[in-house]
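Report on one structure; see the data block that follows.
Coordinate-derived values only; no laboratory data. Fair warning: this is a prediction, and the values are worked out from it, not measured in the lab. No Cβ is skipped: glycine too gets one built from the backbone with ideal geometry, and neighbour counts run over all protein chains shown.
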Amino acid sequence: MMARMAAREAPVLVVDDDPKVVALVGAYLERAGFEVITATDGESAERLVREAEPRLVVLDVMLPRLDGLSLMRSLRDRHHPVPVLILSALGTLDDRLRGLADGADDYLPKPFSPAELVQRASAILRRAEGPSSRVLLHQDLTIDLDRHTVERNGEPLRLSPAELQILVALVRARGRVLTRDQLLDELHGLGELEVTPRSVDVHLSRLRSRLGRDREYLETIRGVGYKSIA
């Protein structure tokens, strides 16, 4: 059997209009083992969130073209689950409370300690990606891992255990491509009589049908595998 490709971790997106801040934050995050991508304005950051599906956004507030709070509100209005750590010179209590109320997961005023930033970023990811994260949001879907249920805009969807397992794996991958072999691993232990690469395709086809054809939630990457669409 061919060796299976390890899933590549999604990057951290650092957004700041000051190139020195971008370089400093990026260097510390990379030293801590994160892959980093960067943007210097809000519109470029919004595009990168769609294209790269980052696992975390480190976001300045005062940005050209689209300010950080507007970008974050746009993500939350679309139920985008990416965690956001605000990094801003606006450091009063009111500024911090406003950022948290608008959907930030944490708020670190400037000037900041790069080591503290790495610790806070790591803590956010542990909360977001660890076993304590029991509800997943993807577009207009709400996936409750404890109840094994999926709702779209509050309406329940009936999925088989295999379909639910595949959906959860792809949503948790946050836009990273999962191969058929990786999805096969997700299906083992569900009690299916036969688990083959073909069965992955069948379950995905049925899953897409149950999710509805009016919106695309999943994408096929020919010759590679599948990924979720933000």
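Given Cβ point charges of +1 (Lys, Arg) and -1 (Asp, Glu) and nothing else, what value in debye, to the nearest 20, does the dipole of region 69-146 about its Cα centre take?
Values: 10 positive and 11 negative charges, 36 e Å.
Dipole size: approximately 180 debye.
Each label point is 7 Å from the Cα along the Cα-to-Cβ direction; what then is the distance between the points at ARG198 and ARG78, in nm?
3.8
Quickly estimate the mean residue ellipticity at 222 nm for the chain, helices only: each DSSP H run with n ≥ 4 gives -39500 (n - 2.57), and the total goes over all residues, rounded to 500.
-12500 deg cm²/dmol
Once R0 is set to 25 Å, what does the formula 1/(1 + (r/R0)^6) return for the Cβ-Cβ distance between LEU100 and LEU24, expressed as a FRET efficiency to the nearest 0.05? Please list the in-between numbers first.
On the way: r = 24 Å, r/R0 = 0.96.
After rounding to 0.05, the efficiency reads 0.55.
Under 5 Å between amide hydrogens, which residues at least 5 positions from VAL14 or on another chain qualify, with H placed 1.01 Å from N in the peptide plane?
Those qualifying (amide H under 5 Å, at least 5 residues apart or on another chain) are ILE37, THR38, ALA39, VAL58.
For ARG210 and HIS148, calculate 0.36 nm times their separation in residues minus their Cα-Cα distance, and state this gained length in nm to one decimal.
Contour length minus Cα-Cα distance gives 20.8 nm.
Mind checking the full-extension length gain between GLU155 and SER70? Use 0.36 nm per residue of separation minus the Cα-Cα distance, one decimal, nm.
27.7 nm
Could you give me the ³J(HN,Hα) list for region 98-112, computed from phi with Karplus coefficients 6.51, -1.76, 1.60 and θ = phi - 60°, whole Hz, x at Gly and Pro?
5, x, 5, 5, 7, x, 6, 8, 7, 9, 10, x, 8, x, 10
Would you please give the residues with an amide H less than 5 Å from that of THR149, counting only those at least 5 places away or on a separate chain, with H modeled from the backbone geometry?
Answer set, sorted by chain and number: ASP144.
State to the nearest 20 debye the size of the charge dipole of the chain about its Cα centre, where the only charges are +1 on K and R beta carbons and -1 on D and E beta carbons.
Details: 33 positive and 36 negative charges, 99 e Å.
Taking the Cα centre of the chain as origin, the dipole is about 480 debye.
Quick one: which residues, 5 or more positions from SER88 or on another chain, have an amide H under 5 Å from its amide H? H modelled 1.01 Å from N in the peptide plane, none for Pro or chain starts.
LEU108, LYS110
In the chain, if the dipole is taken from +1 on Lys/Arg beta carbons and -1 on Asp/Glu beta carbons about the Cα centre, which of ALA162, SER122, HIS138 is farthest to the positive end?
Ranked along the dipole, the leading option is ALA162.
Between GLU219 and GLU43, what is the label-to-label distance in nm when each label sits 7 Å out along the Cα-to-Cβ direction?
Those two pseudo-labels are separated by 2.1 nm.
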